[in-house]
Each structure stands twice: as structure tokens, then as C-alpha cells.
Ligand code: ATP
């Protein structure tokens, strides 16, 4: 489904954020990308979602293909139309808008009213708390609820591949567990997921496959359960000695 080959990305012609990454997201799977700050995880998502140029980044070499379509040079609106929707780091919901207005904003590109209503029902089924609070302003939600809203907003565009950038950031362990369950449920309902995370426990728990990025390069990759057993992942990302 998503296929990245020998990708090189720079910012301002100088900072090499991604250096020769090759990666696959097979249809129907959850794929996790782990790595410390500055490893290039967000840059990878920006390249896929068409937001790289907004951050003055540029693909220098390599290919990114989604269902056979070349994504390099496309903008975010085109990516959304192809079925690629990103939930940005830090959630960025509209605090002054109500929960329902936030969701509607996510479905704006979709002209089909019936499909939109169906997508909204699906979001409310998945997140009953959003239904309860549908007329409240986004700013009044807790951090966990705002993350749910950001994910719900992305689902309104009916993505084929959902791109999640550190959904666990700043949330309590119990809430992180809920986010993991939500990701698993979204996947069960047929959406593939590319999950960028620093929380390796959650990410490897929910993912089928995983990649570890280290200063812009893939240092490890494979089956998520098997990677969780490797010394490097245990030591660096799971906090074991
Ligand atoms: P984090 O978890 O901190 O977001 P990350 O793994 O997502 O880390 P990136 O944000 O992709 O890493 O950053 C990779 C490298 O690119 C870093 O050295 C970072 O400083 C640099 N970088 C990211 N965005 C820009 C930008 N807009 N302009 C210049 N350099 C950037």
C-alpha cells in the first residue's frame, strides 16, 4: 500500500533529516516508527501527508508511493483525497470551535452528505465521550479527549491510511492505554495505520510491524513482537537494563 524507497529529505538544503529510509506499510496493518527526538519520524510523516513544503523541507532523492501513486510533490489536499490523513503532533484541535464543529472541519473535503453522516456516527460510536460533549468547545476537553477528537476529526475524512504523530504525548499511562485500544479498533474496522511514537510499549503492543529510526536512518525493523524482545529495543525504548 505505502512504499518508501531510499528516501532522502533535507530542510533548507542543509539539515539531513531523513537519510535513505526504505519502509513498507502493507494494506490492513499497523506499522510503528520508533526513535528518539530528532530521529526524523515527523519528517517522514510530513513527506507522506504533503505537508513537508510548509516546513521548508524537500525530498532530495527516493520515492514514496501510495497504491501506486507517486506522493512526492503533492500537497496535503491531494494526499487527503488519496486517503492519507495525518493527526499532527500536539493535536491542534480548534479550541474555540465545538467538538462537533471540529469533526465537521475534518469532513470538509467530502461532498457526500450520507458518507459524512456515516463517518460522524462511526466517530461517535468509537468515542462516546465526544458525543456527550459534542456542543462543548474543544478547549474544555482534557488532553486525552482532545487526542480522541483529533483522531476523530481525521477519521471524518475516511482515510485508507491514518498517520498518527505521537498520539501518547503528554498523556497519563491509563489514557495512553485507551489510545492504543482505539488504534487497534480503527485498524479492525479496516484502516491501515502508520504510528510514530516515543512510547515503545504502547506502539509495539498495537503494531504488526515496526521500524526504529536513528538520526534519519532505519537501524532495526521487523515484526513488532520480535523487535520488542531485542536487546537494543529493550534497553533504549522499553527501559530495561
Ligand atoms: P521529534 O519527536 O522531536 O519531533 P522526530 O523524530 O520527529 O523528532 P523530526 O522532527 O523529523 O524528528 O526532525 C529531524 C531533524 O530535522 C532534526 O534534526 C530537526 O531539528 C530537523 N528539522 C525538523 N523540522 C525542521 C524544519 N522545519 N527546519 C529545519 N530543520 C528541521
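Here, each number is a calculation from the coordinates, and none is a lab measurement. As the structure is a prediction and not an experimental result, all values here were calculated from the model. Note that each Cβ is placed from the backbone with ideal geometry, even for glycine, and that neighbours are counted across all protein chains shown.
The angle separating the long axis of helix 143-155 from the principal Cα axis of greatest extent in the chain is about 90 degrees.
Given Cα pairs under 8 Å that are at least 6 residues apart, what percent is the relative contact order of the chain? Please list the in-between numbers first.
Values: 465 pairs, mean separation 64.6, N = 241.
RCO, the chain: 27 percent.
Taking a ≥ b ≥ c as the square roots of the eigenvalues of the Cα gyration tensor, segment 115-204 is oblate, since a/c reaches 1.5 or more and a/b is not larger than b/c.
Packing here is the average count of other Cβ atoms within 10 Å per residue, and on that basis the peptides 171-184, 137-150, highest first, run 137-150, 171-184. Calculated mean residue ellipticity, 222 nm, the chain: -10500 deg cm²/dmol, from DSSP H runs (n ≥ 4) at -39500 (n - 2.57) each, averaged per residue and rounded to 500.
Maximal additional length on extending the residue 219-residue 96 stretch stands at 40.1 nm, based on 0.36 nm per residue less the C-alpha distance. Of the residues 118, 111, the one with the fewest other Cβ atoms within 10 Å heads the list, and the complete ranking is 111, 118. The ellipsoid equivalent to the alpha-carbon distribution of the chain has semi-axes of 28, 22, 16 angstrom, derived from the gyration tensor eigenvalues as √(5λ) and listed largest first. Can you give the % of DSSP beta bridges in the chain that are antiparallel, to the nearest 5? About 60 percent, rounded to the nearest 5. On the principal axes of its alpha carbon atoms, segment 91-151 extends 31, 20, 18 Å, with the longest extent given first.
Rounded to the nearest 10 degrees, the inclination of helix 173-188 to the longest alpha-carbon principal axis of the chain is 90 degrees.
Taking a ≥ b ≥ c as the square roots of the eigenvalues of the Cα gyration tensor, segment 33-114 is classed as oblate, since a/c reaches at least 1.5 and a/b does not exceed b/c.
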